[in-house]
Amino acid sequence: MESTVSLYNLALARLGGDQTPLNISPIEDDAVGVLCKNLFPHVLSLTLARHDWSFARKRVALAELPGPRPGNELYAYAYKLPADCLRPVRLDGYGGINRAPEYVIEGNALLTNVGQAVLLYNANVTDPKAWPPEFADALAWMLAGEIASARLNDAQKQQMCWQAYQTSIANAIALDQARQNAPQPVSAWNAARDGASWRIY
């Protein structure tokens, strides 16, 4: 997707009818343009949080938070979450019986017993050029549904857009998963039963 404005215009085109002639320019501040700009961050955050998108994945060594942590005696370390973190995926490394290390999120802190923790997470990717076409397609359908409700008060069009979004987001998730070449998780029980030396998560 070239720009957020391109996405706004795609969403408006999908509503059809009186919306079809509308075309938002990058500097437009009319009611429709302002509505799209106001709805867009909410729609983007919801769609990014829907799945562990490969294009939104980042890995970072976490910064430890200083000072005592009353009430958090179960965890030896507290780390500050990255500012652009929408969805933690996992900590690197292993603990216990070859399982990914345990952690909890409290506010903007990640608590764990892992020292020098490295977090794999999904970031808030706001650059339209970074979105795969199928992700942008789903995003446009969701935005169209929000506009149908907020501007048109048209429940039928909103429902149509929501159904199209569900189909589109499922396709986007399937395509994203197909691009991955990561080993599938194997439980300790299945690995022992099969006598295989699989990597256990």
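Summary of computed values
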item	result
Reachable lysines, given that their alpha-carbon falls under 23 Å from the alpha-carbon of Lys80 and they are not under 8 places away in the same chain	Lys58
Phi to ³J(HN,Hα) by Karplus 6.51 cos²θ - 1.76 cosθ + 1.60 over the stretch 126-136, Hz, x for Gly, Pro	9, 7, x, 5, 8, 7, x, x, 5, 5, 4
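All of the numbers you see were taken from the coordinates with simple rules; none came from a lab. Model, not experiment: these values are computed from the prediction.
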